[in-house]
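Enquirer: Below you'll find the structure I mean.
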Amino acid sequence: MGRRKRRRPFKALKRSPVWTVWNWIWPVGLGVLAARILSTWVIGFAYVPSASMVPAIQNPGHILLDHLATEWMPIYEGEVVVFHWPDNPTQIFVKRVIGLPGDTIVVKNGHVYRNGQELQEPYLHGLYTAGNYGPYHVPPGHYFMMGDNRNISDDSRDWVHKYVPRSFIIARADFEVWPPSEFHQIPQ
């Protein structure tokens, strides 16, 4: 009877230090890239440093953004969106959409009117809009924005470029997430 050949035990492949470092770097790099893509195109977070959106967003507030909502669905009246400020596109603002393309907006005696109909704005919680403004005729492809805390908000009523182009809208603000005691869905 013949003897069986003994198999050699598996030898670990010798790898260079460069190969070892590469095996650590590429998964981390891929993770960073995936996080960047998600925060740019899908969801993100933003810091709101002013009281212009009180009571919907506290001062200061941290909000969760939905980028897909404004990319794939139409913008609607009452939606809270984040956008590039038309007077200085390097700055980011968060406001509520009050006027859609083709609308006429008038503020009169503490009430906001869109196309002659008074807006029902339960998200204001009794706040009113001081002063008389307008009429503002929203051009095609643009939107008229106002903050919920109307009497301190820097919004379309005050800007040189009154209307926000559709291409400037970045995302919809869905939730206030920080501080934890203020976690809630932002009324739309």
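Every number here is computed from the coordinates shown, using simple stated rules; none is lab data. Predicted model, so just to flag it, every value in this text is computed and none were measured. When we count neighbours, we look across all protein chains shown, and the Cβ atoms used for this are built from the backbone with ideal geometry, even at glycine.
Enquirer: Only one of the listed values, (i) 44, 37, 31; (ii) 108, 37, 32; (iii) 62, 34, 32, was derived from the coordinates as Cα extents along the principal axes in Å; which label is it?
Expert: Among (i) 44, 37, 31; (ii) 108, 37, 32; (iii) 62, 34, 32, the one calculated here is (ii).
Enquirer: What does the extension gain come out to for HIS111 and SER167, with contour length at 0.36 nm per residue minus their alpha carbon separation?
Expert: Stretched fully, the HIS111-SER167 segment lengthens by 17.3 nm.
Enquirer: So if each residue of separation counts as 0.36 nm, and I subtract the Cα-Cα distance between VAL21 and VAL160, what length gain in nm does that give?
Expert: Taking 0.36 nm per residue and subtracting the Cα distance, the gain is 44.7 nm.
Enquirer: Taking the chain as a Gaussian network, where each spring joins two C-alpha atoms under 10 Å apart, which residue of LEU30, LEU68, LEU127 fluctuates the most?
Expert: Ranking LEU30, LEU68, LEU127 by mean-square fluctuation puts LEU30 first.
Enquirer: List the residues whose amide H sits under 5 Å from the amide H of VAL112, counting only those 5 or more places along or on another chain, with H placed 1.01 Å from N in the peptide plane.
Expert: LEU119
Enquirer: What distance in nm separates the two pseudo spin-label positions at TYR76 and THR90, each 7 Å out from Cα along the beta-carbon direction?
Expert: Placing both labels 7 Å beyond Cα along the Cβ direction yields 3.7 nm.
Enquirer: Here's something else I'd like to know. If you place +1 on the Cβ of every Lys and Arg and -1 on the Cβ of every Asp and Glu, how big does the dipole about the Cα centre of segment 39-185 come out, in debye to the nearest 20?
Expert: 300
Enquirer: Using only helices, what value at 222 nm comes out for the chain when you add -39,500 (n - 2.57) per DSSP H run of length 4 or more and divide by the total residues, to the nearest 500 deg cm²/dmol?
Expert: Calculated at 222 nm, the ellipticity per residue is -5500 deg cm²/dmol.
Enquirer: Compute the angle between helix 17-41 and the longest alpha-carbon principal axis of the chain, please, reported from 0 to 90 degrees and rounded to the nearest 10.
Expert: Helix 17-41 and the main axis of the chain meet at about 20 degrees.
Enquirer: Okay, next question. Scan around TRP178 for amide H atoms under 5 Å from its own, H built in the peptide plane at 1.01 Å from N, and keep only partners 5 or more places away or cross-chain.
Expert: Here HIS62 satisfy the definition.
Enquirer: Once the dipole of the chain is set up with Lys and Arg at +1 and Asp and Glu at -1 on Cβ about the Cα centre, which of VAL82, ILE92, LEU30 lies farthest towards its positive end?
Expert: Most positive-ward Cα: LEU30.
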